[in-house]
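These notes concern the structure reproduced below.
The values are calculated or read from the model by the stated rules, or taken from the named source; none is laboratory data. Fair warning: this is a prediction, and the values are worked out from it, not measured in the lab. Here the Cβ positions follow ideal geometry from the backbone for every residue, glycine too, while neighbour counts run over all protein chains shown. The area values use the complete protein model at the heavy-atom level, side chains included, leaving out ligands, DNA and RNA. Shrake-Rupley method; radii C 1.70, N 1.55, O 1.52, S 1.80 Å.
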Amino acid sequence: TQKPRLYSGMQPSADSLQAGNYIGALLQWREMQNSYDAFFSVVDLHAITVPQDPAELREKTRRTAAQYIAAGIEPSKSTLYVQSHVRAHAELAWILSTITGFGEAGRMTQFKDKSARYGADSASVGLFTYPVLMAADILLYQSELVPVGDDQKQHVELTRDLAERFNKRFGKTFTVPKAVIQKDTARIYDLQNPTSKMSKSAESDAGVLWLLDDPAKSAKKIMRAVTDTEGSVRYDRENKPGVSNLLTIYAALSGRQVGSIEDEYAGRGYGDFKKGLAEVVVNEFGPVRERVLELLDDPAELDRILAANAARADEVADATLRDVYDKVGL
Ligand code: ADP
Ligand code: NA
């Protein structure tokens, strides 16, 4: 029996993923790949909606793919591929753009945020139509589920609207997907600014834990993480965002409950707690980092994996695209 399809992806927008990507996305994907026919993409076509250096982009794309594999996404179980290797993404995006309202696209809050950052004149049309490309990504694979962060919820809503609109106008073609919003406990915040989410594109990386960083550097960042003056290791998101964030990371990477960690550190200071967390982080990220370096050391093997997976993705995507061309009259 066919497992339900699942689609997700990440942009190759940095040399390394950060702890939030690992906990909020990769760990969940790793779990879900057993129950779903999962497609995990490195979305390089999305990355070029803002300026990229070509050689660096290619390198970041390979590194991101290597991190998926090292984190436990199995290329023989899931389809793990680079978006631009499958031409149907760009082609379907064009067709979907013709049924997307200008005003509808203009309501996407992520574009408003990002274009404000780049300035209206330097924001590209590609940045504006980014959600339409994302809709194409999802719909090509007839995906039922799309695990995403909060910030992508609106884009999945648009995807659903476009799928329903297309189906209504041209006959049943697309599966209408559902977003799976990541759990609150999978949301990681910046170590220096624990009310904003940890991000690859943070202005300063002082509060970002990189998956591929030197372990000693990560340990140092944890020791310097912002806490509070109360001195007790206790989860309270509202009043103790720093400590709560550290507890979330600790729990996610050790597989323990927050309560058991609180108990362990009861009556002890933040220094001890941070040392314990640093150990957990180094133990978890260290082997992932080693595996990434191995994969990057054998470019032919990584290319072989990515090509084989792109071929599998292409087969599924092309079937959908052919149906779409036929329905539209192309
Ligand atoms: P970034 O902000 O690091 O560039 P993206 O927005 O590209 O990350 O998100 C890639 C994936 O990682 C998404 O599934 C997103 O939900 C997840 N993710 C990113 N940052 C975090 C975070 N701080 N906590 C939990 N999950 C995160
Ligand atoms: Na990003």
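Going by the conditions given, is residue 132 buried (at least 19 other Cβ atoms within 10 Å of the Cβ) and outside any helix (DSSP H, G or I)? Walk me through how you get there before you give the answer.
Details: buried (at least 19 other Cβ atoms within 10 Å of the Cβ): yes; outside any helix (DSSP H, G or I): no.
Judged against the criteria, residue 132 is not a match.
Could you say whether any residue in the range 295-305 is within 30 Å of residue 38 (Cβ to Cβ), part of a loop (DSSP other than H, G, I, E, B) and at pLDDT 95 or above? Checked against the condition, which is being within 30 Å of residue 38 (Cβ to Cβ), part of a loop (DSSP other than H, G, I, E, B) and at pLDDT 95 or above, the range 295-305 yields at least one hit.
Do we find that residue 3 is open to solvent by 10 Å² or more (accessible area, probe 1.4 Å), away from ligand 1 (no atom under 13 Å from the Cβ), over 28 Å from residue 206 (Cβ atoms) and not polar (S, T, N, Q) in this structure? Considered against the rule, which asks whether it is open to solvent by 10 Å² or more (accessible area, probe 1.4 Å), away from ligand 1 (no atom under 13 Å from the Cβ), over 28 Å from residue 206 (Cβ atoms) and not polar (S, T, N, Q), residue 3 comes out as yes.
Here residue 142 fulfils each of the conditions (1) open to solvent by 40 Å² or more (accessible area, probe 1.4 Å); (2) assigned to a helix (DSSP H, G or I); (3) of a type outside the set (Asp, Glu); (4) away from ligand 2 (no atom under 16 Å from the Cβ) apart from (2).
Taken over the range 13-40, the criterion of being in contact with a helix residue (DSSP H, G or I) (Cβ under 9 Å, 6 or more places away or on another chain), within 14 Å of ligand 2 (Cβ to nearest atom) and either open to solvent by 30 Å² or more (accessible area, probe 1.4 Å) or farther than 14 Å from residue 69 by Cα (or both) is satisfied by 13, 14, 15, 20, 24.
Scanning the range 21-79 for residues that are in contact with a Pro (Cβ under 9 Å, 6 or more places away or on another chain) and among the hydroxyl-bearing types (Ser, Thr, Tyr) gives 35, 36, 61, 64, 68.
Listed residues 226, 233; which is open to solvent by 40 Å² or more (accessible area, probe 1.4 Å) and of a type in the set (A, V, I, L, M, F, W, C)? Reasoning before the result, please.
On the way: 233 fails: open to solvent by 40 Å² or more (accessible area, probe 1.4 Å).
Result: 226 is the single residue among 226, 233 that is open to solvent by 40 Å² or more (accessible area, probe 1.4 Å) and of a type in the set (A, V, I, L, M, F, W, C).
Going by the structure shown, is residue 104 modelled with pLDDT of 95 or more, acidic (Asp, Glu) and either in a helix (DSSP H, G or I) or surrounded by 14 or more Cβ atoms within 10 Å (Cβ to Cβ) (or both)? Answer is yes for this residue. With respect to the conditions (1) touching a residue at least 24 places away in the same chain (Cβ under 8 Å); (2) in a helix (DSSP H, G or I), residue 315 falls short on a single one, namely (1). Entry remark, the range 155-211: residues being within 15 Å of ligand 1 (Cβ to nearest atom), open to solvent by 10 Å² or more (accessible area, probe 1.4 Å) and not aliphatic (A, V, I, L, M) number 20 in total.
I'd like to check something: does the range 49-62 contain any residue that is touching a helix residue (DSSP H, G or I) at 6+ places or on another chain (Cβ under 7 Å), away from ligand 2 (no atom under 16 Å from the Cβ) and open to solvent by 10 Å² or more (accessible area, probe 1.4 Å)?
Of the range 49-62, the ones touching a helix residue (DSSP H, G or I) at 6+ places or on another chain (Cβ under 7 Å) are 49-50, 57, 61-62.
Still in the running and away from ligand 2 (no atom under 16 Å from the Cβ): 62.
From what is left, the residues that are open to solvent by 10 Å² or more (accessible area, probe 1.4 Å) are 62.
Yes, some residue in the range 49-62 is touching a helix residue (DSSP H, G or I) at 6+ places or on another chain (Cβ under 7 Å), away from ligand 2 (no atom under 16 Å from the Cβ) and open to solvent by 10 Å² or more (accessible area, probe 1.4 Å).
Among the residues making up the range 297-315, those that are under 22 Å from the mean Cα position of the chain (by Cα) and either of a type in the set (D, E, K, R) or crowded, with 16+ Cβ neighbours inside 10 Å (or both) are 302, 303, 305, 306, 309, 310, 312, 313, 314.
When residue 216 is tested against (1) among the small types (Gly, Ala, Ser); (2) more than 24 Å from residue 46 (Cα to Cα); (3) open to solvent by 30 Å² or more (accessible area, probe 1.4 Å); (4) within 21 Å of the chain's Cα centre (by Cα), only condition (4) is not met.
For the range 18-59, a residue qualifies if it is under 16 Å from residue 148 (Cα atoms) and among the aliphatic types (A, V, I, L, M), and the qualifying residues are 19, 23, 25, 26, 27, 32, 38, 42, 43. Taking each residue of the range 129-142 that is more than 21 Å from residue 109 (Cα to Cα) and looking for partners that are of a type in the set (Ser, Thr, Tyr) with beta-carbon atoms closer than 6 Å, six or more apart or interchain, yields 140/320; 141/7; 142/175.
Table: residues versus (1) touching a Gly at 6+ places or on another chain (Cβ under 9 Å); (2) buried (at least 20 other Cβ atoms within 10 Å of the Cβ).
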site	(1), (2)
76	no, no
83	yes, yes
86	no, yes
100	no, no
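Tell me which strands (runs of 3 or more DSSP E) are completely within the range 1-82 and hold 3 or more residues being closer than 19 Å to residue 152 by Cβ, or say none if there are none.
Values: elements: 5-10, 37-42, 79-82.
Correct list: 5-10, 37-42.
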